[in-house]
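Report on the structure given below.
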Amino acid sequence: MEKEKIEEKIESLLSSMSLDEKVAQLKARSISISKVIGKLLLEDFFSELRPELKEKIMGFIFNFYSNRELAEGMTKTLWKKMWKEVVLEGVEKKYPIGELSCALRSMSPRESAQFANEIQKYVLENSRVKIPILIHDEALHGCMAKGSTIFPQAIGMASTWNPELIYQVATAIGKETRSRGIHQVLSPTINIARDPRCGRTEETYGEDPYLASRMAVAYIKGVQEQGVIATPKHFVANFVGDGGRDSYPIHFSERLLREIYFPAFRASIEEAGALSLMAAYNSLDGIPCSSNKWLLTRILRKEWGFKGYVVSDYFSVLHLMTKHKVAESKAEAAKLSLEAGLDMELPDSDCFEEIPGLIRESKLSQDTLDEAVRRVLRVKFWIGLFDNPFVDPDYAERINDCSEHRELALRVARESIVLLKNEGILPLNKDIRSIAVIGPNAAVPRLGGYSGYGVKVVTPLEGIKNKLGDKVKVYFAEGCGLNDTSKSGFDEAIKIAQKSDVAILFMGNSVPETEGEQRDRHNLNLPGVQEDLIKEICNTNTPVIVVLINGSAITMMNWIDKVQAVIEAWYPGEEGGNAIADVLFGDYNPGGKLPISFPKYSSQLPLYYNHKPSGRVDDYVDLRGNQYLFPFGYGLSYTDFKYSNLRITPEEIPRDGEVVITFDIENIGKYKGDEVVQLYLHDEFASVARPIKELKRFERVTLDVGERKTVSFKLNRRDLEFLSMDMELVVEPGRFEVLIGSSSEDIRLKGFFIVK
């Protein structure tokens with residue numbers, strides 16, 4: 001439908017809607033076992049408690065129902081029984097609600113599609129204004145619903161350095177999500193991860209604004225081309241509070257926000273056309289992001305031209321009262337957020353219930369309400385929800401976790417794996433006689449946060465057995481628990497290591513046991529007694545390979561010198577076990593690169609590659625020299641690559657000119673492999689201090705043995721701009737150093753060009 005006609009229809013709808021019907025479009029509703037039981041307890045037994053104590057009780061209830069299958073099964077039953085109570089509002093149940101929160105997560109694809117159709121049919125047949133309902137869920141690395149494909153976690157996808165591949169993943173996610181009757185995903189997470197102590201680092205695309213921007217644009221385009229609303233989050237600077245704490249108060253300058261924390265959001269809107277956006281929990285310079293007019297109106301809408309609608313993070317409007325203490329009542333919280341530019345309260349309407357009263361008492365402008373409703377209706381029109389709110393259950397059953405998508409999950413898992421250390425032991429020979437598989441992450445699925453369920457997940461132990469069949473003796477011992485202090489399993493692990501040709505230890509973390517949302521850490525060492533187990537196995541003199549399954553940086557100084565190889569596999573998704581086996585035995589040559597810096601010690605944090613020059617030194621009196629265990633962009637291969645023949649054309653350009661940087665890369669090793677070539681720039685002299693280097697371009701290149709390719713990058717004015725002392729984007733004359741390399745620290749070629 002043409003935009004002009006959409007606007008006409010919106011205005012026609014608005015003119016016919018009552019106040020309550022308008023407000024209903026800004027509301028969401030959810031049903032969950034914790035909510036239902038919590039409601040009974042809090043209203044009947046603990047009604048007099050302060051809001052913060054009620055919230056703690058709800059948190060306890062949520063944690064009590066931590067069994068996924070049990071909780072989802074009970075929630076499904078509740079939705080089936082109670083849905084008609086929430087989809088329409090008003091005394092006569094004639095107002096269609098704007099959005100449902102995670103209504104379909106607990107159902108199979110076919111069941112989900114059928115239930116979604118039933119909901120839409122009922123709403124259209126029984127409401128006065130015929131407005132279909134949006135249904136949202138999470139889709140960080142696959143729709144978070146029963147039976148959807150589970151891809152590697154976001155930090156793993158970032159390690160592919162392959163936006164085209166992420167676009168394919170997002171396209172698959174979009175197809176599966178829309179097929180189920182879900183129209184909006186609260187993804188991607190594009191917060192910059194400059195301090196990996198934050199438990200949600202796993203959800204991000206790493207520490208660099210350019211890499212995060214490329215991944216964000218690829219994801220959003222892929223999802224939205226399938227008619228699903230993407231919701232980049234959390235706006236802004238949500239994971240970089242003091243001490244690496246998630247949602248901690250932020251006190252960054254505008255320059256830092258614009259240079260590091262805004263770019264991925266801006267690209268999401270200006271390049272990818274994101275239709276929604278989520279405000280963050282944290283405050284920014286004392287103003288909560290959910291009521292921050294500078295963020296949600298001046299920057300987002302006036303400066304970047306955002307046309308979609310802003311949703312709250314779950315309960316963040318209520319948090320204006322209960323946490324940030326900037327509102328004394330729910331009505332005041334609703335007024336602050338709506339006037340700032342937040343349009344819809346998730347996961348339930350709580351504070352927004354007060355909007356009709358605010359309007360009637362002339363405490364809130366009717367125009368403010370109407371504009372928020374326009375934004376929601378506009379997006380519903382844009383995704384075709386008015387034209388066809390129904391889906392095909394047969395297609396949903398066919399497309400979710402289909403063979404094509406499982407194969408894609410395998411490919412992404414392979415490309416996400418980063419080889420951190422190899423003393424020549426890898427790849428392993430398939431003729432090896434015996435292998436000891438050890439560790440708490442060897443025989444259980446570790447998928448990371450916001451994961452789907454209900455599909456076959458290949459564990460590392462299964463992957464190794466799938467690869468080797470009966471030809472090789474594979475022993476297994478857990479050795480220790482993920483976060484336990486007990487060493488009772490050490491003896492069995494030592495015994496199988498002693499009688500094996502190699503020991504492969506699967507160590508790391510798991511969500512929510514040791515990292516994830518509300519699971520920030522002060523220490524990046526392996527949890528529990530995992531490090532002790534590694535050292536004990538190393539004492540057997542059997543060669544040791546450590547495979548890390550986790551979502552953030554790991555410090556390894558206590559054991560890395562004792563092992564022969566280290567692989568970072570992240571949370572590798574449903575085909576992770578097969579992908580890891582492919583890498584271990586040389587059927588796939590790892591080519592992933594780190595999207596975050598790995599420190600040697602947690603006390604160095606935050607540590608990131610693109611810092612500005614120091615007024616003193618970059619190291620410590622007790623830690624001299626190189627500060628990184630593994631730097632941003634790092635990753636080894638089973639083969640070797642030679643960089644040569646750097647050409648920069650022209651050598652001098654005007655301020656609005658373009659420069660082409662070309663070089664050759666050749667595979668001079670013994671295996672076919674991928675190399676991620678990285679281009680960094682350094683503005684040598686400027687009126688404002690500039691980073692020591694900044695990533696500007698990258699490309700993942702596949703080369704056969706002996707093959708050479710020419711890589712070409714074009715830079716333009718936008719790549720050279722920076723914020724002047726007056727906070728204006730400028731390009732100053734001077735010399736720009738060009739750094740080409742295999743990581744931010746492994747620079748192979750250098751050159752320069754001059755801006756006149």
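The values are calculated or read from the model by the stated rules, or taken from the named source; none is laboratory data. Please read all numbers here as calculations on a predicted model, not as lab measurements. Because the Cβ atoms are built from the backbone with ideal geometry, glycine has one as well, and the counts that use them run over all protein chains shown. When the accessible area is computed, the model is the full protein with side chains, heavy atoms only, and any ligands, DNA or RNA have been set aside. Shrake-Rupley method; radii C 1.70, N 1.55, O 1.52, S 1.80 Å.
How much of the accessible area of the chain, probe 1.4 Å, is carbon plus sulfur, in whole percent?
C and S fraction of accessible area: 48 percent.
How much net charge surrounds LEU140 when only other residues with a Cβ under 12 Å from its Cβ are counted (Lys, Arg +1; Asp, Glu -1)?
Summing Lys/Arg as +1 and Asp/Glu as -1 gives -3.
I'd like the FRET efficiency for THR649 and LYS750, computed as 1/(1 + (r/R0)^6) with the beta carbon distance as r and R0 of 22 Å, rounded to 0.05.
Calculated transfer efficiency: 0.85.
Please work out the average accessible area per residue across the chain, using the 1.4 Å probe convention, and give it in Å².
38
What is the ratio of the Cα radius of gyration of the stretch 418-590 to 2.2 N^0.38 Å, where N is its residue count, to two decimals?
Expressed relative to 2.2 N^0.38 Å, the Cα Rg reads 0.96.
Which order do you get for TYR671, TYR634 if you rank them by accessible area with a 1.4 Å probe, largest at the top?
Most to least solvent-accessible, the answer reads TYR671, TYR634.
At a 10 angstrom cut-off on C-beta neighbours, averaged per residue, how do the peptides 255-262, 183-190, 288-295 rank from highest to lowest?
By packing density, highest mean first, the sequence is 183-190, 288-295, 255-262.
Please check which bits of the stretch 94-115 a label hung off PHE390 would reach, taking the label as a point 7 Å along Cα-to-C-beta and the cut-off as backbone N under 14 Å.
Correct set: 113-115.
Could you list, in their original order, any pairs among LYS146/LYS456; LYS121/LYS335; LYS81/LYS175; LYS421/LYS600 whose Cα atoms are separated by more than 22 Å?
Beyond 22 Å: LYS121/LYS335; LYS81/LYS175.
Extension gain ASP431-SER253, at 0.36 nm per residue separation less the Cα-Cα distance, in nm?
Here the answer is 58.2 nm.
Excluding LEU296 itself, calculate the net charge of residues whose Cβ lies under 15 Å from the Cβ of LEU296, where each Lys or Arg counts +1 and each Asp or Glu counts -1.
+2
For the chain, how big is Rg over Rh, using alpha carbon atoms and the Kirkwood form of Rh?
0.97
Quick one: which residues, 5+ away or cross-chain, put their amide H under 5 Å from the amide H of PHE585? H built at 1.01 Å from N.
So PHE585 has HN proximity to LEU428.
What nm value, rounded to one decimal, do you get for the distance between SER603 and GLU164 when each label is placed 7 Å out toward the C-beta?
4.7
For the ranges 138-146, 526-534, 505-513, 399-407, what's the packing order if you count other beta-carbon atoms within 10 Å of each residue, average per peptide, and put the highest first?
Order by mean packing, descending: 138-146, 505-513, 526-534, 399-407.
Before anything else, pin down the relative contact order of the chain: Cα pairs under 8 Å, at least 6 apart, normalised by residue count, whole percent.
13
Distances longer than 16 Å among the Cα atoms of the stretch 344-409: what percent of all pairs is that?
69
Where does the charge balance sit around ASN716 when Lys and Arg score +1, Asp and Glu -1, over other residues with C-beta under 12 Å from its C-beta?
Summing Lys/Arg as +1 and Asp/Glu as -1 gives +2.
Given a Förster distance of 41 Å, report the FRET efficiency between ARG718 and GLU517 from their Cβ-Cβ distance, rounded to the nearest 0.05.
0.75
So, in Å, what gap is there between the alpha-carbon centers of the stretch 403-421 and the stretch 711-746?
First find each Cα centre; the distance between them is then 32 Å.
Would you compute, from DSSP H runs of 4+ residues alone, the mean residue ellipticity of the chain at 222 nm, taking -39500 (n - 2.57) per run and dividing by the full residue count, rounded to the nearest 500?
Value at 222 nm, helices only, nearest 500: -9000 deg cm²/dmol.
With θ taken as phi - 60° and the coefficients 6.51, -1.76 and 1.60, list the Karplus ³J(HN,Hα) couplings across the stretch 651-657 in order, rounded to whole Hz; mark glycine and proline as x.
The phi angles translate into 7, 10, 9, x, 5, 9, x Hz.
Suppose the chain between GLU737 and VAL621 were pulled fully straight at 0.36 nm per residue; how much longer would it get relative to their current alpha carbon spacing?
Here the segment from GLU737 to VAL621 would lengthen by 38.8 nm.
Can you give the accessible area of PHE386 in Å² (nearest 10), computed on protein heavy atoms with a 1.4 Å probe?
For PHE386, solvent-accessible area is about 50 Å².
Any chance you could count the Lys pairs in the stretch 641-755 whose alpha carbons are under 27 Å apart, treating pairs 8 or more apart or on different chains as valid?
Qualifying lysine pairs in the stretch 641-755: 20.
Go through 474-484, 419-429 and give me the packing order, highest mean Cβ count within 10 Å leading.
474-484, 419-429
Given a Förster distance of 56 Å, report the FRET efficiency between SER687 and ASP587 from their Cβ-Cβ distance, rounded to the nearest 0.05.
That gives a FRET efficiency of 0.60.
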